[in-house]
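Student: Pasting a structure below so you can have a look.
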Amino acid sequence: MKRIISTAVLALPGLAFAAPNAATVPWVATNPNIPHDIISGQATRLKGGEIPAIVAGNKVYTAATYEWDFGDGTTSGVRPAPADKRLMAMDHTYNAPDGSLITARLTVCDAGGDCDSAIYRLAVRQRTLEVETNIAIDDGLWYLHVNARTTGQIIPSGGYNTRISATAAAVNAFEVHGHLPSGDRETNPYVDSVGGGLNWVLGTLQSRGLGNQAAGNPDSNGNGRYLSVASGQEVYENGMVMDAIVASGNPNAVATVGVANGDTYLNIVQDLIDGYAYGQMEHNAGDLARRGSWYYTYGVGNNSAGGHADNSASQWAAIGMIPAERQWGAIIPQWVKDQNLNAMDYTFQDGANGAECGTFGYSSRGYCPWGCAAVTPSGMVQLVMDGKGPGVPAFRGI
C-alpha cells in the first residue's frame, strides 16, 4: 500500500501533526498486496477513509476533500469529505476480462492542500460461489465498520442490535478475518473499530461473587469471582464475549477498562468460564430434566420451579468455552462436562421415534419447535465441549 506523504504539518497551539492519513481497507490484513475480488459488470464498493491522528488521547481528523482514481481511466472527481471522515467509500462498476488486475487510489487532502494517498487493489474474477462469498465478507466487514460508534460499540440493524453480544460478534467477525486490535492502525481502517469494540465489550463486564456448587468448585483461578454481562440472558451472551476475546489471539494482553482493568485476557476468559460453571443447573432430587444444562440466566432452575433444559441457550456456553480451552488452555472443570452429559442424554432421541432418531431436542428429546435440524447442532457442539467425538452413540444417525 503506497502513499504519497505531504511534507507539510498543521500547527495547533502546542501541537504539530502530519496532514491527513489516507488508508484503504486491505482484503488480507497482513498482506495489502492481495487484491479484493470483484466481478465484471457488477458494482463494487471501494473502501477507505481518513485515519485520525491521536492527540492527547483524542482522535483528530483534518481531511477536507477526497478523490478516487478508479484505475480504469476514470475518477470520482474531488469531493468534500463526509461528516464521518472514516467513511470515504465509493461504488464503481468495472468492465474488464476475468483475471484483470486493477490498482485504484484514494487521495485525501486537508484544507491547505496537503494530501496523502493509499492504493486499493482489485482483481476481476469469474463468478463462483467462493468469489461471491469473498465479496459478501468484504462488504459485511465494511458494514460493521460503518456502524461502529465513537464509544466503540458496534450497532448493526435488526433485533437485539444493542446487546453487548452484538458488538462482541462484530469484533469476532473482524478478528477471524485477520483484522486484530494489535494491527497497524496507520494502514488498516478496521484496527480502530475492532480495538474500540473489544474495549467497549470489556468495559461492560460486571464482577460477581461465587461459591461451591453441588457438583464442584467453579472458581478455577481462585479469585472468588466470575465476570458476566448484566442482561438477564448472560447464557446466550457470554459465549460470544469469550469468542471475541479469544479471537484477538493475545491471551497476555491486559485490559485497561472496567472491573477487569489490569487483568490479562486469559484471566478474564477464565472468569467468564467460571460464571458458566457457577450458573450451570444443578441436580434437583427426583428431577434430571434440567441438571447440567443452562437456561437464559445463571442458576435458574436450581432446585426450584422455572427454567428448563435449553439447548438453544446452552450451545453458547460450548461455543465460547471450546476455543478458550483449546486455544488458550483455559480450564473447563471436568464436572461441568460430566453434568452436561446428563442434559445431552435427556434431550437426545435415541430411536424411539424413528423420524427424529439421532437428533437433539430443544428442551427434551423429540421436542423440536423449529425442527430438529435446527437444534441438533446445539447438542452436537456441547458434546464436543464434553470431549465426546463422532464415535459416541449420540452422533450416530445425525
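The values are calculated or read from the model by the stated rules, or taken from the named source; none is laboratory data. These numbers were taken from a predicted model, which means no experiment stands behind them. Positions of Cβ are backbone-derived with ideal geometry, glycine not excepted, and every protein chain shown enters the neighbour counts.
Student: Take G222 and tell me if it is free of Cβ contacts under 8 Å to residues at least 12 places away in the same chain, farther than 28 Å from M88 by Cα and among the small types (G, A, S).
Tutor: Yes, satisfied.
Student: Do any helices (runs of 4 or more DSSP H) lying entirely in segment 257-350 carry at least 3 residues that are within 19 Å of the chain's Cα centre (by Cα), at pLDDT 95 or above and in the same structural domain as L227 (by TED's automatic domain parsing), and which ones are they?
Tutor: The helices (runs of 4 or more DSSP H) meeting that bar are 265-279, 311-328.
Student: Still on this structure, please answer the following. Please go through segment 208-220 and give me each residue that is of a type in the set (S, T, N, Q) and surrounded by fewer than 15 Cβ atoms within 10 Å (Cβ to Cβ), ordered by number. Step through it out loud before you land on a result.
Tutor: Filtering segment 208-220 for residues of a type in the set (S, T, N, Q) gives 212-213, 217, 220.
Result: N212, single match.
Student: From the list A136, A89, A123, A170, which one is in contact with a strand residue (DSSP E or B) (Cβ under 7 Å, 6 or more places away or on another chain), without any contact (Cβ under 8 Å) to a residue 60 or more places away in the chain and surrounded by fewer than 21 Cβ atoms within 10 Å (Cβ to Cβ)?
Tutor: On the way: A136 fails: in contact with a strand residue (DSSP E or B) (Cβ under 7 Å, 6 or more places away or on another chain); A123 fails: without any contact (Cβ under 8 Å) to a residue 60 or more places away in the chain; A170 fails: surrounded by fewer than 21 Cβ atoms within 10 Å (Cβ to Cβ).
It is A89.
Student: So, in segment 223-233, how many residues would count as being at pLDDT below 95 and surrounded by fewer than 16 Cβ atoms within 10 Å (Cβ to Cβ)?
Tutor: 2
Student: Consider A123 carefully, then state whether it is farther than 28 Å from N238 by Cβ and not acidic (D, E). Before you say what the answer is, go through the steps one by one.
Tutor: Working: farther than 28 Å from N238 by Cβ: yes; not acidic (D, E): yes.
So A123 passes the test.
Student: Out of V201, V254, report the one residue that is of a type outside the set (S, T, Y) and surrounded by fewer than 16 Cβ atoms within 10 Å (Cβ to Cβ).
Tutor: When all the criteria are applied, what remains is V254.
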